[in-house]
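Undergrad: Quick one: the structure is below, and I'll ask about it shortly.
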Amino acid sequence: METREKRKNFTSESDGGIWFTFSRRNFLTLAGWGLFFVTIGAYLLEIMGYKGFFYPKVLFEPSPRFSVGEPKSFLENSVTTLKARKIFIVRDGNSFKAISVVCQHLGCAVEFSKEKNIYECPCHGSKYYRNGVNFAGPAPRPLNHFEIVLDDSGKLVVDTSKTVPLETELVV
Ligand code: FES
């Protein structure tokens, strides 16, 4: 009886293939296995990610410490905006400062006005003196100042992970 049942559901190789005949039992078996493998596959994809198994799960952020070039590449008594690094390099004579462009109110990028010799925030009107001290608008404190040093090759290196007091300056 069982053999007959099997013969009813399967075709043999001698019949020209190993294909299933379509029966409710075979359909449910196939559907069950299909669901099983789809679930396992989705689970593996979820825990490993698309490329997660082959690549480390890290955020590639630029280093907070970077070179901005030689001191002579900045004009005397100038404010140079390095937009990509979100800092101003302020040179007064032979002294250098690295000042953040990020407004201390809500984080907009302030801009330096050459005519007025101040930083102005386009968002809510905060104003800062050339040395970064706030004097108008809602900003509660001065712009951040970052560590700036001269490396062995004579280039200026800024570290935006280290804030320094306002009066700190590098004299070269
Ligand atoms: S973000 Fe600069 S004044 Fe509001």
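Derivation of every value follows stated rules applied to the coordinates shown; laboratory data play no part. As the structure is a prediction and not an experimental result, all values here were calculated from the model. Using ideal geometry, Cβ is built from the backbone for each residue, glycine included, and neighbour counts are taken over all protein chains shown.
Undergrad: At least 2 residues that are more than 21 Å from Phe74 (Cα to Cα) and under 28 Å from the mean Cα position of the chain (by Cα) in each: list the strands (runs of 3 or more DSSP E) lying fully within region 111-167 that qualify.
TA: 156-164
Undergrad: Confirm whether Ser73 is within 16 Å of the ligand (Cβ to nearest atom) and of a type in the set (Ser, Thr, Tyr).
TA: For Ser73, the condition - within 16 Å of the ligand (Cβ to nearest atom) and of a type in the set (Ser, Thr, Tyr) - is not met.
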